[in-house]
2 protein chains.
Amino acid sequence: MGQQKSAPEGGTRESERRRTILRAAIDVFARKGYHGCRIADVAKEAGVAYGLVYHYFKNKDELLETVFETGWSGFISRARLVAESEGPLEEKVRRIADVAFEAYRVDPRAVKVLILEIARSPAGARINRQTAFVDVIRLSAQMFTRAKESGELRPDVDPLLASALLFGSIEMGLTAFVVGLADARDTVMLERAKAQIADSFLHGVLVPGGAPSRTEPPRSELSTAEPVRAEEPKHEAPAEVSTWKREKSGTKSKAPKRS
Amino acid sequence: MGQQKSAPEGGTRESERRRTILRAAIDVFARKGYHGCRIADVAKEAGVAYGLVYHYFKNKDELLETVFETGWSGFISRARLVAESEGPLEEKVRRIADVAFEAYRVDPRAVKVLILEIARSPAGARINRQTAFVDVIRLSAQMFTRAKESGELRPDVDPLLASALLFGSIEMGLTAFVVGLADARDTVMLERAKAQIADSFLHGVLVPGGAPSRTEPPRSELSTAEPVRAEEPKHEAPAEVSTWKREKSGTKSKAPKRS
DNA sequence: TGGTTGGCTGATTTTCGAATCAACCAGCCG
DNA sequence: CGGCTGGTTGATTCGAAAATCAGCCAACCA
């Protein structure tokens, strides 16, 4: 593995390959899941030789780890910027939701991987995935603590929990799209979702009368026009759920087909 | 997964073994995750021979599937009962939170498996863990739709999304405990968490003044064309930051140690 | 133009664990 | 008692895919 890249200049060119592979990894992971794909799939997607993947990444785990850090660090730094900025809590919360949804808009597949493969990955125990999540939660918990001190937040609200709830809402909101519960192509829907998340979260958390030192616009702003779309996104199969008949005997249950 | 011999009686004795294995599977999955453990681990945990696992379960997938269904079915039926009952929305929401937290109190490890293993769906989509989850969301979405019709719910709230947010909050709230962010042994904390979840969710969703039984809320639609969001999305730049520079250094990587 | 370097290749080796299976044993029936 | 039945065992098999490695070749230098 030595593969010293002591050569500083060639870097760019070299990184290009590396990035290509990383990009391919994100796409493949998003499509088949981390465990459901082989390094060969990633290599093929990237259009490079199998071995090259190992030239740039020590092993499959490191690949996922890198995908994670790459995507997550972006989100975290943006979120931190917002959380530590000055301004009313309400605005911060909305901006955090913005950050999350914007990330999704820009690169839905990357977000999908983060949410599906990493956010809940139990294996994360050993690596810092969970730690990373915990970090964001703590980060925003501080934001809430400060808001509480300044009287913007209801005194009976626990900062840490509030923080967890906010991100829980955001995550689940995104998950709805990721999983296909809602149509991700529907931009309006995305906007509305973002607004509703911040909105419903805030009104349960903010001091009813409005924060002291800040004139808050009368709530609302949501549903600008557009009647709520019929609430039944019919597409997406009903899923056979209970109908699920294990059987498949012959077929090995593992991954059925590859590529 | 009935498909267990047609003989209904012998069931009990035989099931005992089966249950032991199932229980062991839950524990092991909770500890190392589905992919992170081998059948051998489950067998050892259960104190039975390796081969016996295959006597009761067709394969590893079916084992997880069973764990999953077993756990979900309980929660789902309870939740359905609440969702379809009569009464004010507020009460229903609180009871749903109750159900979730009670499940956690009774068997935290099982809940952990459900929560952590939930959204990951094998590409093949053969196992629908998420389907069960989606079902609950749809179920409660119906509850919200009804509440909306009866005027209990703000008209500008999307039922499906509201449903997702509720469970997102619950899930993340529980996750905080699962992950150790909050001390799960602290009963008071659990109670408070449950209350805060329902509370903050409700206050952002319920019609402020309480719900008259049938009055279509006159609440003029939030005027607002769109003034509010002053700062608009800050056009997040490239999602993937470029901050990454990580060197592959000697991150450990694989997980050499197996128990 | 010959030599050296290093990104790159992909067949080969190794690892690893799911799934199988032949044998074992306890109870039961005739 | 002896033979049958079915739960139980764990070493063995076997496929899949992770990781390695012996070189290839293009670019660059002397």
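In sequence order, region B:93-101 has phi-based couplings of 4, 4, 5, 5, 4, 4, 4, 4, 5 Hz under the Karplus curve 6.51 cos²θ - 1.76 cosθ + 1.60, θ = phi - 60°, and Gly or Pro positions carry x. Ordered from highest to lowest accessible area with the whole protein assembly present and a 1.4 Å probe, A:LEU64, A:LEU81 read as A:LEU81, A:LEU64. 3J(HN,Hα) along region A:182-188, derived from phi through the Karplus expression 6.51 cos²θ - 1.76 cosθ + 1.60 where θ = phi - 60°, amounts to 10, 7, 5, 6, 6, 4, 4 Hz, with x in place of Gly and Pro. Over 31 Å apart at the Cα level, from the set A:LYS32/B:LYS58; A:LYS92/A:LYS112; A:LYS92/B:LYS194; A:LYS32/B:LYS32; A:LYS112/B:LYS44, are A:LYS112/B:LYS44.
Going by accessible surface with a 1.4 Å probe and the largest first, A:ARG192, A:ARG19 read A:ARG19, A:ARG192. Across identical copies of the chain, A:GLY180 has label-point separations of 3.7 nm, listed in ascending order, with the point defined 7 angstrom from Cα along Cα→Cβ. Between A:SER150 and B:THR70, the distance separating the two model label sites (each 7 Å from Cα on the Cα→Cβ line) works out to 5.1 nm.
All other residues whose Cβ lies under 12 angstrom from that of B:LEU165 are scored, Lys and Arg at +1 and Asp and Glu at -1, for a net of -3. Summed over both chains, the accessible area lost when A and B associate is about 7900 Å², using a 1.4 Å probe. Remark: the Cα gyration tensor places region A:9-83 in the oblate category, a/c being 1.5 or greater and a/b not exceeding b/c.
Close amide H partners of A:LEU153, meaning residues 5 or more places away or on another chain with modelled amide H under 5 Å apart, are A:LYS148. Given a 1.4 Å probe and the protein chains as shown, B:ASP98 ends up with an accessible area of around 60 Å². A 1.4 Å probe over all protein chains sorts A:GLU84, B:GLU171 by accessible area into A:GLU84, B:GLU171, starting with the largest. The calculated FRET efficiency for B:LEU81 paired with A:GLU84, based on their beta-carbon distance and R0 = 56 Å, is about 0.80.
Whole-Hz Karplus values for region B:191-196 come out as 4, 4, 4, 4, 4, 5 Hz, taken residue by residue from phi with 6.51 cos²θ - 1.76 cosθ + 1.60 and θ = phi - 60°; glycine and proline positions read x.
The values are calculated or read from the model by the stated rules, or taken from the named source; none is laboratory data. From a predicted model like this one, the values you see are computed outputs, not experimental measurements. Don't worry about glycine lacking a Cβ; one is built from the backbone with ideal geometry, like all the others, and counts go over all protein chains shown. All accessible areas refer to the heavy atoms of the entire protein, side chains included, with ligands and DNA or RNA removed. Shrake-Rupley method; radii C 1.70, N 1.55, O 1.52, S 1.80 Å.
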